[in-house]
1. Of Met84, His62, Gly41, whose Cα points farthest to the positive end of the dipole of the range 30-105 (charges on the beta-carbon: +1 Lys, Arg; -1 Asp, Glu; origin at the Cα centre)?
2. Please state the relative contact order of the chain as a whole percent: Cα pairs under 8 Å, 6+ residues apart?
3. Measure off, as a whole percent, the carbon and sulfur share of the 1.4 Å-probe accessible area of the chain, all protein chains present.
4. Charges only on Cβ, +1 for Lys and Arg, -1 for Asp and Glu: so what's the dipole of the chain about the Cα centre, in debye to the nearest 20?
5. Averaged per residue, what accessible area in Å² does the chain show with a 1.4 Å probe, protein chains only?
6. Which of (i) 70, 36, 21; (ii) 54, 21, 20; (iii) 44, 26, 21 is the computed Cα extents along the principal axes in Å for the structure on display?
7. If you average the C-alpha positions of the range 58-105 and of the range 1-16 separately, how far apart do those two centres end up, in angstrom?
Amino acid sequence: GPESHYIAFSGSPSIEWWNPQGTWALVGGAGGGFGLLDSRGVPGGQGQKFTLNWFTQFGLRHQLSQRTAVAGSAYFVHHSNLGMTDPNPGIDALGLSLGLIWNFD
């Protein structure tokens, strides 16, 4: 779409299944929230600034040490104005996430 900026708040519970040694985990989660984008009022755009979002992700985490880990996941996210404008085009995205985790204990 024609939008170029988006700021949002999202939250999600997560689930982790660790191997007995505590070195690898399967991780997943699903959640959602709301956000604001720079709607431009052009055909094919979102039609308004307020949007809702939901997402799901599934991946792996590997513990490198007591304080550090690496993680990777695949995710799907959907942004929509929940039919508050007509048309309601929505935005869908598939992606990969890679991360370095550091525990502050």
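The values are calculated or read from the model by the stated rules, or taken from the named source; none is laboratory data. None of the values given here were measured: they were computed from a predicted structure. Heads up, the Cβs are rebuilt from the backbone with ideal geometry, glycines too, and the neighbour counts pull from every protein chain shown. To get the accessible areas, we keep the full protein, side chains included, count just its heavy atoms, and leave off ligands, DNA and RNA. Shrake-Rupley method; radii C 1.70, N 1.55, O 1.52, S 1.80 Å.
1. Value computed over the given set: His62.
2. 23
3. Working: 4640 of 7090 Å².
Whole-percent figure for carbon plus sulfur exposure: 65.
4. On the way: 4 positive and 6 negative charges, 32 e Å.
Roughly 160 debye for the chain.
5. Values: 7090 Å² over 105 residues.
Normalised by residue count, the accessible surface of the chain is 68 Å².
6. Read-out taken from this structure: (ii).
7. What the calculation gives is 8 Å, centre to centre.
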